[in-house]
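Below is one structure; the comments refer to it alone.
The values are calculated or read from the model by the stated rules, or taken from the named source; none is laboratory data. None of these values were measured; they are calculated from a predicted model. Backbone-built Cβ (ideal geometry, glycine too); neighbour counts: all protein chains shown. Surface accessibility is based on the protein's heavy atoms, side chains included, excluding ligands, DNA and RNA. Shrake-Rupley method; radii C 1.70, N 1.55, O 1.52, S 1.80 Å.
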Amino acid sequence: MTAGAEADPLHRLVVLRHAKSAWPDGVADHQRPLAPRGRRDARAAGRALTEADCLPDLALCSTAVRARETWELASAQWGTPPPVRHDPRLYAAGVPDLLAAVHEVSAEIGTLLLIGHNPGLEELVLELAGDGLDDTLDRVRVKFPTSAIAVLSWYGASWRALAPGTALLTAVTVPRGEKG
């Protein structure tokens, strides 16, 4: 930790890949909805964030239907969902666009949820993580499947300070809903 870093607040970036989508004929990629498994997994993701005490203060969500449905089903598992911003830049975004959206977030936000797509999310997690607890980095390198959640923690005065290699990857989980 650098001198003065003790005064900087802890921030958490929670990265959630949208849940499993359907592939209906004649539906544009941006309009694809969640598959039945995706609907179950999105609800399970919401429950997993509650159990991990990792509820966000704000969510940034891709405008794609499958990402919006993931947000709606996950956040429905919480008492009072936080505000959400649907950002068209997050659809099919690479690391620069994802990081630009994160950098715009107010410093008062302690935990930010980012819902989007691969390969951008996986690449973002790997670029931001300077280190990881246990085998978290290896797990993301192998696969960041649908409904995967990665939690990155870092100290900084603002979200603009989040840069490659500055975060610790503290958790990776892939919630799955039960067939009912």
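See the values below:
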| item | result |
| --- | --- |
| Members of region 82-98 found to be closer than 20 Å to His117 by Cα, open to solvent by less than 30 Å² (accessible area, probe 1.4 Å) and in contact with a strand residue (DSSP E or B) (Cβ under 8 Å, 6 or more places away or on another chain), listed by number | Asp87, Leu90, Ala93, Leu98 |
| Selection within region 60-83 - of a type outside the set (Phe, Trp, Tyr) and part of a helix (DSSP H, G or I) | Val65, Arg66, Ala67, Arg68, Glu69, Thr70, Glu72, Leu73, Ala74, Ser75 |
| Residue check, Leu58 in contact (Cβ under 8 Å) with a residue 60 or more places away in the chain and surrounded by 15 or more Cβ atoms within 10 Å (Cβ to Cβ) | no |
| First in region 7-19 and closer than 17 Å to Glu104 by Cα, second anywhere and part of a helix (DSSP H, G or I), Cβ under 8 Å, 6 or more apart | His11/Trp159; Leu13/Val102; Leu13/Leu128; Val14/Leu49; Val15/Leu121; Val15/Leu124; Val15/Val125 |
| Test: residue in region 92-104 that is modelled with pLDDT under 95 and over 17 Å from Leu55 (Cα atoms) | yes |
| Out of Gly38, Gly26, Gly79, sole residue that is at pLDDT 95 or above, open to solvent by 60 Å² or more (accessible area, probe 1.4 Å) and over 14 Å from the mean Cα position of the chain (by Cα) | Gly26 |
| Residues satisfying the stated conditions in region 154-171, i.e. open to solvent by 20 Å² or more (accessible area, probe 1.4 Å) and not in a loop (DSSP other than H, G, I, E, B) | Tyr155, Arg160, Ala161, Leu168, Thr170, Ala171 |
| Some residue of region 40-52 being within 19 Å of Gln77 (Cβ to Cβ) and in a strand (DSSP E or B) | no |
| Residues satisfying the stated conditions in region 22-80, i.e. of a type in the set (D, E, K, R) and closer than 19 Å to Val172 by Cα | Arg40, Asp41, Arg43, Arg47, Glu51, Asp53 |
| Filter result for the condition that a residue is on the phi > 0 side of the Ramachandran plot and of a type in the set (A, V, I, L, M), over Ala129, Ala92 | Ala92 |
| Within region 64-76, considering residues that are without any contact (Cβ under 8 Å) to a residue 40 or more places away in the chain and among the small types (Gly, Ala, Ser), the one surrounded by the most Cβ atoms within 10 Å (Cβ to Cβ) | Ser75 |
